[in-house]
Amino acid sequence: MNENLQKIEKSALMEIETTETQKELERIKVKYLGRKGMLNQILRSLKDLSLEERRQIGPQAQKIKKILEEKINLKFKTLTIASTEQQKFLDVTRPGKKISFGHLHPLSKIEEEIRQIFIALNFSVVEGPEIETEYYNFDALNIPPNHPARDAWDTFWLRSNQKEQLTIDKKQLTQSQMSNVKGQKLLLRTHTSPMQIHYMETHQPPFQIIVPGRVFRYEATDASHETNFSQVEGLMVGENVSLANFKFIVEKFLQKLFGEKIDFALRPSYYPFVEPGVDVYMKWQGGWLEVAGAGMVHPHVFKAVGYNPYQWQGFAFGFGLNRLAMIKYKIPDIRLFYSGDLRFIGQF
Ligand code: PHE
């Protein structure tokens, strides 16, 4: 028998025998039996040989080809059986698949934390409607119609003269709000401050409350501005409440939220519903970021709710929740919160 053919047969059988995967077997099949495989190369070169040699080698090569085909088919079946057996076998020691749990959004998380901090400081938590009347959002807060201060809150106005709109409104608004709806333009609240009015209309001092909630601004967005964000309003009214009390409360609050070593500053500011007014700034990315507006409640606001401004005084504040979350979780862009990007949300 031709020596070359013998060698080919031997090594092919060896390879078929030792292979353990179907993929590998496929490769062996191509190597020996493929169109450009070893056996076909020999068969193709027969034409260059003498008649004598052709007679001898031709049938030999054909025979080997057949043997290899059979062996490969057989091995293929054995491997198929082995792999299905393996699938049936449950290896209980293998590590399990990781199941991903749902979790709270970073804004919900920080809101909950803030609620707990203020509850521990003896504040009550109240909430109010996102649809407001012009009266609560502006007028009662000492911002009369056509006053330039309204420009500070770019507003989403609602078409309240439409029928469907009114049915929604009735469901959303409380009794006292309804009485004010008449002839009033409706809007998406631009801040949580309208809840100061609602609360004082229905409660007598002394008290201290916070109001977490969503607010809306019709303005251009950038890394620290969003059209929709969350605030936490605060209001503390009593006979001797001062700005010093406010400073103490913010300091305690920020320390509990960020740790003892915090860097914050109060700077004079202007809001029509406070006097004096301040802004709270915190260190952020090498600069200062405004995180709250605040001040002593303006006497006009007390008059609007029927309090005697000579008897009561108090402070109010409004923290931007998203900005606190940005500082706490080191988030560079406020727009990420509502981006719906799971690569972002998944990190919390
Ligand atoms: N409502 C103000 C704002 O949204 C913040 C503020 C609240 C300022 C309470 C003073 C007192 O900008």
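The values are calculated or read from the model by the stated rules, or taken from the named source; none is laboratory data. Worth saying up front: this structure is predicted, and the values here are computed from it rather than measured. Glycine gets a Cβ as well: all are built from the backbone with ideal geometry, and neighbour counts include every protein chain shown. Note: areas computed on protein heavy atoms with side chains; ligands, DNA, RNA excluded. Shrake-Rupley method; radii C 1.70, N 1.55, O 1.52, S 1.80 Å.
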- Note on the structure: Expected output for segment 64-90 (first residue of a type in the set (A, V, I, L, M, F, W, C), partner open to solvent by 100 Å² or more (accessible area, probe 1.4 Å), Cβ below 9 Å, 6+ apart or cross-chain) is 79/20; 82/20
- Query: Counting only residues that are part of a helix (DSSP H, G or I), under 23 Å from residue 76 (Cα atoms) and either open to solvent by less than 60 Å² (accessible area, probe 1.4 Å) or touching a residue at least 60 places away in the same chain (Cβ under 8 Å) (or both), how many does segment 1-25 have?
  - Reply: 9
- Scan 141, 121 and give me the residue that is at pLDDT 95 or above and within 23 Å of residue 299 (Cβ to Cβ). 141
- Note on the structure: Within segment 84-123, of all residues that are surrounded by 11 or more Cβ atoms within 10 Å (Cβ to Cβ) and part of a loop (DSSP other than H, G, I, E, B), the one nearest to the chain's Cα centre (by Cα) is 105
- Message: Among the residues that make up segment 158-179, is at least one of them outside any loop (DSSP other than H, G, I, E, B), touching a helix residue (DSSP H, G or I) at 6+ places or on another chain (Cβ under 9 Å), at pLDDT 85 or above and of a type in the set (A, V, I, L, M, F, W, C)?
- Response: yes
- Residues located in segment 300-316, provided they are open to solvent by 60 Å² or more (accessible area, probe 1.4 Å) and touching a residue at least 12 places away in the same chain (Cβ under 8 Å): 300, 306, 311, 313
- Task: Scan segment 217-235 for residues that are away from the ligand (no atom under 11 Å from the Cβ), over 18 Å from the mean Cα position of the chain (by Cα) and touching a residue at least 12 places away in the same chain (Cβ under 8 Å) and jot them down.
- Result: 218, 219
- Single match in 72, 81, 28, 42 (criterion: open to solvent by 100 Å² or more (accessible area, probe 1.4 Å) and either part of a loop (DSSP other than H, G, I, E, B) or aliphatic (A, V, I, L, M) (or both)): 81
- So which residues in segment 208-228 are at pLDDT 95 or above, more than 21 Å from residue 145 (Cβ to Cβ) and touching a strand residue (DSSP E or B) at 6+ places or on another chain (Cβ under 6 Å)? 208, 209, 210, 211, 212, 214
- Message: Is it the case, given these coordinates, that residue 256 is open to solvent by 40 Å² or more (accessible area, probe 1.4 Å) and touching a helix residue (DSSP H, G or I) at 6+ places or on another chain (Cβ under 6 Å)?
- Response: yes
- Message: Quick check on this structure: which one of 286, 346, 306 is out of contact with any Lys or Arg (no Cβ under 8 Å at 6 or more places or on another chain) and closer than 23 Å to residue 138 by Cβ?
- Response: 306
- Take segment 284-299 and flag every residue that is open to solvent by 10 Å² or more (accessible area, probe 1.4 Å) and under 18 Å from residue 224 (Cβ atoms). 284, 285, 286, 287, 288, 289, 290, 293
